[in-house]
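The values are calculated or read from the model by the stated rules, or taken from the named source; none is laboratory data. Predicted model, so just to flag it, every value in this text is computed and none were measured. FYI the Cβ positions are ideal-geometry reconstructions off the backbone, even for glycines, and counts take in every protein chain you see.
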Amino acid sequence: MTTQKKEMRAVYAETLVELAKDDDSIVVLEADLMKASGTGPFLAAFPDRCFNLGVAEANMVGVAAGLSSEGKIPFATTFGCFASRRAFDQFFVSCAYARLNVKLIGTDPGVSAALNGGTHMPFEDLALMRSVPGIAVIEPSDAASLHGLLGAMARRKGSVYMRLHRKAVPDLYPADERFEIGKAKLLRKGDRVVIVALGPLMVGEALKAADALAAEGISASVIDALTLKPLDTEMILTEARRCGAVVTAENHQIIGGLGSAVAELLAETGVARLARVGIQDEFGEVGTQDYLMDRFRLRAERIVELAKGLVTGDTHTVNEGAIHG
């Protein structure tokens, strides 16, 4: 993997400009974070279709709902903590419940909020949004998947929540790769354990973990989930049945997010054992992204540890990674 030259927020803005040239219903809304979101190019290209609603995220979502009711396709962007926790009721009632077509983008998910600290570190946004009936919840893992999934979002009728990493991340897919909401990608195929990861940070760690496991003679599949809701249950079950062991990896609480979604799927089908890598029922804190990845045990080493525990039947290791009480 090589790190792409463009930041994800630049890809976001350029893709919206590209889409908006062919669809005059696409509009962009901001909560006074245009520089942080990188949407300046959209403002320059379409000044009459870009709106700054100020530091009033709930109002921004309400305005997005109004624009959607008039046939527009609004992409409303703010930090993930505000998009989820602060504006949740407006998104739930005014957008999802009303069956409107609002695309809500939460930037800096999980530990990528870094030096903005615990109050700005959304470890629970996926859990909140996954509970909203009828919407899609997605997290692209590189530039190609962001570009492809933005197009899929614009074409999809209904509200969507997307996590967006602002910085540059390693490339995983060729530029012409096709993506669908609800469809995962199988990056590696193994036969002992399957690692299901979500988002650029954890997909990268999952691939490192697969390499480390291979060095110890343990063959691992790696799935880039891409969409948390609807989850690609067919791919996950296919790999889980063959391998018999699953590790989930997410930059989010293991409560309510990817780990919970896969746990529910496996509990209902009984096809594999499961261990989860993610935030262990904690709040965020100030720190660099690298420090926080270590602090919250989101590294490949933790994935390897739990994968080996499942494969060897080391229940102590596996149970130590579960939340109790």
* Taking residue 34 and the conditions (1) of a type in the set (A, V, I, L, M, F, W, C); (2) within 27 Å of residue 110 (Cα to Cα); (3) at pLDDT 95 or above, which numbered condition does it fall short on, given that it satisfies the others? -> (3)
* Answer residue from segment 280-325, given it is among the hydroxyl-bearing types (Ser, Thr, Tyr) and under 20 Å from residue 260 (Cα atoms) and is surrounded by the fewest Cβ atoms within 10 Å (Cβ to Cβ) among those -> 315
* Give the residues of segment 180-200 that are farther than 20 Å from residue 130 by Cα and either part of a loop (DSSP other than H, G, I, E, B) or among the hydrophobic types (A, V, I, L, M, F, W, C) (or both), sorted by residue number. => 186, 187, 189, 190, 191, 192, 193, 194, 195
* To do: Quick one: count up the residues across segment 278-310 that are in a helix (DSSP H, G or I), charged (D, E, K, R) and more than 17 Å from residue 220 (Cα to Cα).
  => 3
* Restricting segment 132-162 to residues that are farther than 27 Å from residue 205 by Cα and either part of a loop (DSSP other than H, G, I, E, B) or among the acidic types (Asp, Glu) (or both), which is nearest to the chain's Cα centre (by Cα)? -> 135
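For residue 129, are the conditions met, namely being over 22 Å from residue 150 (Cβ atoms) and either among the β-branched types (Val, Ile, Thr) or surrounded by 21 or more Cβ atoms within 10 Å (Cβ to Cβ) (or both)?
Answer is no for this residue.
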* Take the residues in segment 239-277 that are part of a helix (DSSP H, G or I) and over 22 Å from the mean Cα position of the chain (by Cα), then tell me which one is farthest from residue 220 (Cα to Cα). => 268
